[in-house]
Amino acid sequence: MKLIKNLIALFSAIAALFGIFAIVLVLFGYRPFVALSPSMETLYREGSLCVINTHTSLDEIATGDVLVYRTSTGLLVLHRLVDITDKTDGILYAQMQGDANNISQAVELSSVNYVGREAFTIPGFGSVVEKMLSLPMLTWGLVAVFIILACIPWSSISKRKTAAA
């Protein structure tokens, strides 16, 4: 029974640390992005979790950076900046290309469609995040209750009952 309690406490602590880490990242302008296509393979495999720094301005990016931008249809794209052709009135005229693609495409990046620059990537973890985000709210509520219950120092409660008897 003690082993089960210790395992529950360990998993709860890991979940709590992961949650705190995620909250801190969001507070500092980092957002998750899941690579949904193989256009950036082999470096960014489909299903990878890319964390995007949304505080990186257009003035700070350089050729070779991996950026996320929104297309005119609203689709978010993760591609590499291969060339900057011009910069006028806050618009960056760029050539973007997926690492697995043979052809680059002209993109106008501005504060309207530019999302951010890739900060780091966790291969394969994007699929896990997508599954977690698709869970119903009831499941999230049960997970929260489980974590709260696991954080209660049950050993001190059982010692108090024994001392009272």
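The table for this structure:
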| read-out | value |
| --- | --- |
| Complete set of residues in the range 1-57 that are surrounded by 14 or more Cβ atoms within 10 Å (Cβ to Cβ), assigned to a helix (DSSP H, G or I) and either at pLDDT 80 or above or among the charged types (D, E, K, R) (or both) | 25, 38, 39, 40 |
| Output for the range 65-75, where each listed residue is open to solvent by less than 70 Å² (accessible area, probe 1.4 Å) and farther than 13 Å from residue 40 by Cβ | 69, 71, 74 |
| Subset of the range 76-111 (residues that are open to solvent by 50 Å² or more (accessible area, probe 1.4 Å), of a type in the set (A, V, I, L, M, F, W, C), more than 16 Å from residue 43 (Cα to Cα) and touching a residue at least 40 places away in the same chain (Cβ under 8 Å)) | 76 |
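The values are calculated or read from the model by the stated rules, or taken from the named source; none is laboratory data. All of these numbers come straight from a predicted model, not from anything done at the bench. Virtual Cβ from ideal backbone geometry, glycine too; neighbours counted across all protein chains shown. Side chains are part of the model used for accessible areas, which takes the heavy atoms of the whole protein and leaves out ligands, DNA and RNA. Shrake-Rupley method; radii C 1.70, N 1.55, O 1.52, S 1.80 Å.
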